[in-house]
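One structure follows; several queries about it will come next.
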Amino acid sequence: MTGEQIRLVRESFEKVAPIAGTAAQLFYARLFDLDPSLESLFKGDMAEQGRKLMQMIGAAVRSLDRLEQVMPAVRTLGARHVAYGVREEHYRTVGRALIWTLRKGLREDFTPEAEAAWAELYAALSAAMKGGAAAARPGVVAFAR
Ligand code: HEM
């Protein structure tokens, strides 16, 4: 990610943070609209899940200028997601719900440049998570990076 993209992601996340609860609600509603079968994967309290989601995004946003340092933890997070029943194709749906939520929450502040920056961050995180998941899945040949 470029320095400008990092700035755009931070700036937009700061605007979403005060409406985190609403954003999380919007996100899950959109996600389950896009793929109703995903609802059964979430066993816990959705408000709590929403807080975890925003915390995790916040942590990623804070580490943007040293993303490679948090990548091992992100890979492990991906491996844990296998046990939650998450499959590779679900990452695309979650990415769509995330971008939709940001657009809905930020409106005109969510410029095409900000959207591209978020898409890049999500692509980096989900690639690391899928890599960690593949390495954790038995019977799948994984290529270590
Ligand atoms: C960049 C992408 C993602 C991030 C940062 C993320 C983050 C997290 C975090 C921090 C947790 C808390 C539990 C833990 O730390 O192990 C969690 C749980 C979970 N995530 Fe994700 N996740 C991502 C993608 C996905 C995708 C694609 C799905 C597919 C639907 C998904 C479904 C779940 C489920 C089902 C749980 C467990 C919920 C429960 O305990 O009921 N996540 N996620």
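The values are calculated or read from the model by the stated rules, or taken from the named source; none is laboratory data. Since the model is a prediction, treat every value here as computed from it, not as a measurement. Neighbour counts are summed over all protein chains in view; Cβ atoms, including those assigned to glycine, are modelled from backbone coordinates with ideal geometry. To get the accessible areas, we keep the full protein, side chains included, count just its heavy atoms, and leave off ligands, DNA and RNA. Shrake-Rupley method; radii C 1.70, N 1.55, O 1.52, S 1.80 Å.
Report Rg(Cα)/(2.2 N^0.38 Å) for the stretch 32-145, keeping two decimals. Kindly include the intermediate steps, with their values, before the conclusion.
Values: Rg = 14.7 Å, N = 114, 2.2 N^0.38 = 13.3 Å.
Here the answer is 1.10, to two decimals.
Ignoring ligands, DNA and RNA, what percent of the accessible area of the stretch 1-132 is carbon or sulfur (1.4 Å)?
Working: 4100 of 7440 Å².
Roughly 55 percent, rounded to a whole number.
Counting only heavy atoms of the protein chains, get the accessible area per residue of the chain (1.4 Å probe) and round it to a whole Å² value.
For the chain, the per-residue accessible area is 59 Å².
Moving on to the next point. When ranked by the protection proxy of mean other Cβ atoms within 10 Å per residue, highest first, what sequence do the peptides 22-32, 69-79 form?
On the way: 22-32: 18.2, 69-79: 16.5.
For the peptides 22-32, 69-79, the packing ranking is 22-32, 69-79.
Still on this structure, please answer the following. If you stretched the chain out fully between THR2 and ASP45, how much longer would it get, using 0.36 nm times the residue separation minus the C-alpha to C-alpha distance? Show your work: numbers first, answer last.
Numbers: separation 43, 0.36 × 43 = 15.48 nm, distance 3.65 nm.
Going from the current span to full extension adds 11.8 nm.
Below 18 Å, Cα to Cα, which aspartates and glutamates can LYS130 reach? Residues fewer than 8 away in the same chain don't count.
GLU68, GLU88, GLU89, GLU120
Same structure, new question: Enter the Cα centre distance for the pair the stretch 105-121 and the stretch 26-101, rounded to the nearest angstrom.
Cα centroid to Cα centroid, the span is 18 Å.
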